[in-house]
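Here's the structure we're looking at; comments come further down.
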Amino acid sequence: MKKTNLVILPVFAALLLAGCTTRKPSKKKTSNAQVTSTTKTPGGTSTTQPGGTSTTKPGGTSVAPSQTTVIPPVSQPDVPTGALLIDYEALKSNFDEKYVYPKADYSFTVGGVSFNATAGVGHKTSNTSGGNYYYEQKALQFRKANHESGGGVITVAQETTYSKVTVNWLATYATEASQYHPVVKVGSSAAAITTNVPCNEGTEVSGTSTGGVENVNNADRDVYRYVTTYTISGNSYFAIMSQNNAMYITSIIVE
């Protein structure tokens with residue numbers, strides 16, 4: 001005999017003893033109570049209680065909420081009216097996303113003023129692992145001055161009457177001595193931009209922690225933001241360049 005018959009016969013007998021009384025279907029009642037739902041999971045049961053509380057019986061699988069990586073926003077410097085802003089957006093048409101540096105020197109125009117840049121002025125590409133703050137901030141990368149292919153240099157290509165250059169840059173040290181600062185030079189002609197202008201902040205400058213990290217030599221390092229200013233009054237031509245180390249500049253403001 002099949003198991004189903006063993007279950008039905010005792011139930012049928014119980015109905016006969018009770019007089020086979022049949023109740024009329026009751027009317028449905030409206031209830032504000034929430035329904036408890038049960039869902040089977042591999043190895044256990046997950047139950048959702050009224051109000052949205054979820055419990056998992058022993059043996060169930062618990063899935064942790066996914067983590068979302070928050071990328072720091074790209075910083076936007078204050079640019080005075082009439083000032084020139086040189087940053088990634090101004091130069092990006094000369095870049096290839098795959099490569100840090102362009103294949104040749106190039107020219108660009110900002111605010112109606114013409115500039116020349118060496119192939120040593122590129123952009124920070126993404127690291128394959130670890131912190132990527134420089135890339136996230138769209139930093140320009142200036143190749144070091146003593147590199148065999150030449151350093152990174154931006155030179156104004158026409159006579160100007162500007163008085164101040166502000167450089168916003170990044171480094172992985174809390175303080176930077178003058179030999180690691182961006183270099184600004186001035187001159188009376190395009191062929192004679194030779195006079196070095198020290199920054200107004202002094203020979204050793206302290207940075208401000210950004211909260212970001214950059215992978216350097218397979219290790220994540222805290223990143224600091226620096227602002228150095230240079231007075232160029234009385235000079236018709238100027239240039240911004242790196243020293244004997246790579247520079248990571250988020251923006252140059254000329255006013």
*Quickly work out the Ala192-to-Ala177 label distance, labels modelled 7 Å from Cα along the C-beta direction, and quote it in nm with one decimal.*
3.3 nm
*Table column - 3J(HN,Hα) (Hz), the stretch 238-248, Karplus curve with 6.51, -1.76, 1.60, x for Gly and Pro*: 8, 8, 10, 8, 8, 9, 7, 7, 5, 10, 10
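Under a Cβ-Cβ cut-off of 9 Å, what is the net charge of the residues other than Thr172 that fall near it, where Lys and Arg count +1 and Asp and Glu count -1?
-1
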*Tell me, how many Å apart are the Cα centres for the stretch 75-143 and for the stretch 178-255?*
14 Å
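What order, most packed first, do the peptides 151-159, 97-105, 79-87 have when packing is the mean number of other Cβ atoms within 10 Å of each residue?
Those peptides, ordered most packed to least, come out 151-159, 79-87, 97-105.
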*Taking H placed 1.01 Å from N in the peptide plane, check which residues at least 5 places from Thr250 or on another chain put their amide H under 5 Å from its amide H.*
Leu140, Asn168, Trp169, Leu170
*About the Cα centre of the stretch 113-255, what is the dipole size in debye to 20, counting +1 per Lys and Arg Cβ and -1 per Asp and Glu Cβ, all else neutral?*
200 debye
*Residues with beta-carbon under 11 Å from that of Thr210, excluding Thr210: net charge, scoring Lys, Arg +1 and Asp, Glu -1?*
-2
*Roughly how many Å² is the accessible area per residue of the stretch 90-223, as a whole number, for a 1.4 Å probe?*
51 Å²
_Estimated inter-spin distance, Ser149 and Ala219, nm [label 7 Å along Cα→Cβ]_ = 2.7 nm
*asked:* For Thr210, project a label point 7 Å along Cα to C-beta. Then give me every residue of the stretch 131-154 with its amide nitrogen under 19 Å of that point.
replied: 131-144
*Just name one of Ala190, Gly212, Thr231: the one whose Cα is farthest towards the positive end of the charge dipole of the stretch 166-255 (beta-carbon charges, Lys/Arg +1, Asp/Glu -1).*
Ala190
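The values are calculated or read from the model by the stated rules, or taken from the named source; none is laboratory data. In this text, all values refer to a predicted model and were calculated from it rather than measured experimentally. Every residue, glycine as well, gets a Cβ built from its backbone with ideal geometry; the counts of neighbours run over all protein chains shown. Side chains included, ligands, DNA and RNA excluded: accessible areas come from the protein's heavy atoms. Shrake-Rupley method; radii C 1.70, N 1.55, O 1.52, S 1.80 Å.
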